[in-house]
1. Answer yes if at least one residue in the stretch B:181-188 is in contact (Cβ under 8 Å) with a residue 12 or more places away in the chain, among the hydroxyl-bearing types (S, T, Y), surrounded by fewer than 19 Cβ atoms within 10 Å (Cβ to Cβ) and away from every other protein chain (no Cβ under 12 Å), and no otherwise.
2. Name the one entry in B:Y159, B:Y180, B:Y132 that is within 27 Å of A:W200 (Cβ to Cβ), touching a helix residue (DSSP H, G or I) at 6+ places or on another chain (Cβ under 8 Å) and aromatic (F, W, Y).
3. Mind checking which residues of the stretch A:113-145 are facing chain B (nearest Cβ under 10 Å), surrounded by fewer than 23 Cβ atoms within 10 Å (Cβ to Cβ) and hydroxyl-bearing (S, T, Y)?
4. Can you tell me which residues in the stretch A:164-190 are closer than 9 Å to A:D102 by Cα and within 19 Å of the chain's Cα centre (by Cα)?
5. Take B:A92 and tell me if it is aliphatic (A, V, I, L, M), over 18 Å from the mean Cα position of the chain (by Cα), away from chain A (no Cβ under 13 Å) and open to solvent by less than 40 Å² (accessible area, probe 1.4 Å).
6. Could you look through the stretch A:25-36, keep only residues that are open to solvent by 40 Å² or more (accessible area, probe 1.4 Å) and touching a helix residue (DSSP H, G or I) at 6+ places or on another chain (Cβ under 9 Å), and pick out the one that is farthest from A:Y176 (Cα to Cα)?
7. With respect to B:G66, determine if the residue is small (G, A, S) and either under 29 Å from B:N169 (Cα atoms) or buried (at least 16 other Cβ atoms within 10 Å of the Cβ) (or both).
8. Restricting attention to the stretch A:169-191, which residues are in contact with a Phe, Trp or Tyr (Cβ under 9 Å, 6 or more places away or on another chain) and part of a loop (DSSP other than H, G, I, E, B)?
There are 2 protein chains.
Amino acid sequence: MEEAAHPYVPRDLKLPGYVPMTLSMSSILTVYLGASLFVVTLVWFLFGRKKPQLDKLLMCWWAFTGLTHMVLEGYFVFSPEFFKDNKSCFLAEVWKEYSKGDSRYASRDSAVIAVEGITAVIEGPACLLAVYAIAKGKSYSYVLQLAISLGQLYGCLVYFITAILEGDNFATNSFYYYSYYIGANGWWVLIPFLVSYRCWIKICASAANNVEAAAKTKKKNR
Amino acid sequence: MEEAAHPYVPRDLKLPGYVPMTLSMSSILTVYLGASLFVVTLVWFLFGRKKPQLDKLLMCWWAFTGLTHMVLEGYFVFSPEFFKDNKSCFLAEVWKEYSKGDSRYASRDSAVIAVEGITAVIEGPACLLAVYAIAKGKSYSYVLQLAISLGQLYGCLVYFITAILEGDNFATNSFYYYSYYIGANGWWVLIPFLVSYRCWIKICASAANNVEAAAKTKKKNR
């Protein structure tokens, strides 16, 4: 039986049992963005009613990124043979499509699996906890958001550095390189950077306030 | 010319130009531990004079781990051909020896280089900043220590997960596996875990204090 040719680069990549995609790029994007919009709208109107705009926005981000980590990336981590899927499973189709931007997903590069595993198993649930922490104004809210954001940044660094070290030749063409590999991941560099910067400032301000308050109390008690 | 046989596993690993070690394990450990003891003693007596014991201990840890990251791991990252070194360079000998516990250092595994690169270039200098931050009681002291510790933990996770995914067969024998690969790295799991736990608690306590103080002020101003 002749193997179906895969669309991935490097062209000599062996993917025995590969089953071609059935969903189009636009269907995949529509479902993913539609589901994400649904989640974001739900969080915005249900959980963030009495919150400032920025907190509501952050809750939406954490819900969106947390579910992406757990559902999409979680499926990838625990489905080593997604490229053989012949039931048009949506999640398998997502990764067949994304592999056009980075074939290391199809070839199960160990650095990619390690980063995605940490992201799906540890960071995903932590993101949902961040939604709760912001909603309830928990004292660990900023430090949790900082920890996850730094984890996302560390993951992106490992992801990009290993690609460069291995020759940076994993995209089917420059459209997929810039839209999937750079474009999609770019959001997970930009937003975690902004969030961690904000949390860092908030945590430092809180620490400085405390030192000041302690100094005042000391002066008073003299 | 016949190649010198290397001591690493897997046995079929190709290391063209490999030059055997000249320093013994005990000389390498003596120099590394001696230099570390010197740094730790210096920090303990010079910088931490009026500090509580725990702060002094932490400053020693940050100085030790920062210099290890920058000097040892920095050398590894930027010396792709350390295994060819024939001048008995101490740092090359360190990595020739350590590769007996994990041959991915000699074979330039990309996940190992990515993690070591982040550790040497970003975390190393950040550790020295942590010494300064503790010494001067800076408001960013805890958050910086937390960020570095979480980075160290993330790095260890990637390091161990990729080894497992690639077959966990990179040690010359079980002595090197347990002493170098597990034993030496274990400290960089245990200590960052304890440090990040402590910093997390401190940051949360500070945030809770602030909320309380703000509530009091609000009540007073009514």
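1. Pass one, the stretch B:181-188, residues in contact (Cβ under 8 Å) with a residue 12 or more places away in the chain: B:181, B:184-185, B:188.
Still in the running and among the hydroxyl-bearing types (S, T, Y): B:181.
With the extra rule that they be surrounded by fewer than 19 Cβ atoms within 10 Å (Cβ to Cβ), the set shrinks to none.
Scanning the stretch B:181-188 turns up no residue that is in contact (Cβ under 8 Å) with a residue 12 or more places away in the chain, among the hydroxyl-bearing types (S, T, Y), surrounded by fewer than 19 Cβ atoms within 10 Å (Cβ to Cβ) and away from every other protein chain (no Cβ under 12 Å).
2. Details: B:Y180 fails: within 27 Å of A:W200 (Cβ to Cβ); B:Y132 fails: touching a helix residue (DSSP H, G or I) at 6+ places or on another chain (Cβ under 8 Å).
Of B:Y159, B:Y180, B:Y132, the one residue that is within 27 Å of A:W200 (Cβ to Cβ), touching a helix residue (DSSP H, G or I) at 6+ places or on another chain (Cβ under 8 Å) and aromatic (F, W, Y) is B:Y159.
3. If the condition is that a residue be facing chain B (nearest Cβ under 10 Å), surrounded by fewer than 23 Cβ atoms within 10 Å (Cβ to Cβ) and hydroxyl-bearing (S, T, Y), then A:S139, A:Y140, A:S141 are the ones that fit.
4. Passing the criteria: A:Y176, A:Y177, A:Y180, A:Y181.
5. Details: aliphatic (A, V, I, L, M): yes; over 18 Å from the mean Cα position of the chain (by Cα): no; away from chain A (no Cβ under 13 Å): yes; open to solvent by less than 40 Å² (accessible area, probe 1.4 Å): yes.
So B:A92 does not fit the description; no.
6. A:A35
7. Working: small (G, A, S): yes; either under 29 Å from B:N169 (Cα atoms) or buried (at least 16 other Cβ atoms within 10 Å of the Cβ) (or both): yes.
The answer is yes for B:G66.
8. Listed by number, the residues that qualify are A:F170, A:A171, A:T172.
The values are calculated or read from the model by the stated rules, or taken from the named source; none is laboratory data. The model shown is predicted, which means the values in this text are computed figures rather than measured ones. When we count neighbours, we look across all protein chains shown, and the Cβ atoms used for this are built from the backbone with ideal geometry, even at glycine. Accessible surface areas use protein heavy atoms only, side chains included; no ligands, DNA or RNA. Shrake-Rupley method; radii C 1.70, N 1.55, O 1.52, S 1.80 Å.
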